[in-house]
C-alpha cells in the first residue's frame, strides 16, 4: 500500500512485518518512541504478545522504518509508534486504518486499545469510544477504548 498526502510532502509505504525477520526495525522505532522519548522502561516495552502479534511497519521512500503498529491475538491494537519527524504526516492514521481493516477481515467484533490520554482524541476521531476512567501504566495516564467493528 503506497500512501501519499498532499498537505505535507510524504512518501511512505506500509507492509506486514514478521516479529522475527523484522525485529530490528520494529525494535528501533519502538525504542526511539517509547523508551528514548517517553522514558518507558525497556523491559516493559517488549512482552509475550509480540511473537504472536500481527505487526505492521511504515517505511519511508528511502527504506527506513518510520512507524509500527501491532494487533494482538486477544483483539487489541497496540504499540502504535511513529518517529517524531513523521508525525502529523498521515503515518499513524495509515497504520491505524490498515489494522482496523485487518481486524475486520479477521472477523473481529470489536477492536480495543489502551490509549495514552494525550492521544485519546486521535482514536476518538477514528470511531473509538472511551470506557471507564483513565489509569496509570508505566507512569503515563491511559484510557481503555473500543471500536465496534460489527454487530
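Is it the case that residue 150 is over 13 Å from the mean Cα position of the chain (by Cα) and assigned to a helix (DSSP H, G or I)? When the stated conditions are applied, residue 150 does not pass them. Specify the residue that is nearest to residue 16 (Cα to Cα); the eligible residues are those in segment 52-89 that are in contact with a helix residue (DSSP H, G or I) (Cβ under 9 Å, 6 or more places away or on another chain), in contact (Cβ under 8 Å) with a residue 40 or more places away in the chain and surrounded by fewer than 20 Cβ atoms within 10 Å (Cβ to Cβ). Applying the filter and picking the extreme gives 54.
Being buried (at least 18 other Cβ atoms within 10 Å of the Cβ), at negative phi and at pLDDT below 95 narrows it down to one of 10, 6, so name that one. Spell out how you get there, then give the answer.
On the way: 6 fails: buried (at least 18 other Cβ atoms within 10 Å of the Cβ).
Selected residue: 10, the only one of 10, 6 that is buried (at least 18 other Cβ atoms within 10 Å of the Cβ), at negative phi and at pLDDT below 95.
Can you tell me which of 93, 133, 120 is farther than 17 Å from residue 16 by Cβ and without any contact (Cβ under 8 Å) to a residue 24 or more places away in the chain? Only one candidate passes the filter, namely 133.
Scanning segment 96-117 for residues being under 16 Å from residue 15 (Cα atoms) and touching a residue at least 12 places away in the same chain (Cβ under 8 Å) gives a total of 7. Residues that are touching a helix residue (DSSP H, G or I) at 6+ places or on another chain (Cβ under 6 Å) and either assigned to a helix (DSSP H, G or I) or under 16 Å from residue 70 (Cα atoms) (or both) within segment 109-147 comprise 111, 115, 145, listed in sequence order. Condition first: surrounded by 17 or more Cβ atoms within 10 Å (Cβ to Cβ) and over 11 Å from the mean Cα position of the chain (by Cα). Now tell me which residues in segment 90-104 satisfy that. Residues satisfying the conditions are 90, 102, 103. Only residues that are within 14 Å of residue 77 (Cβ to Cβ) and surrounded by 14 or more Cβ atoms within 10 Å (Cβ to Cβ) were counted across segment 127-143, and they come to 3.
The values are calculated or read from the model by the stated rules, or taken from the named source; none is laboratory data. Please read these numbers as outputs of a predicted model, since none were measured by experiment. We place every Cβ from the backbone using ideal geometry, glycine too, and count neighbours over all the protein chains shown.
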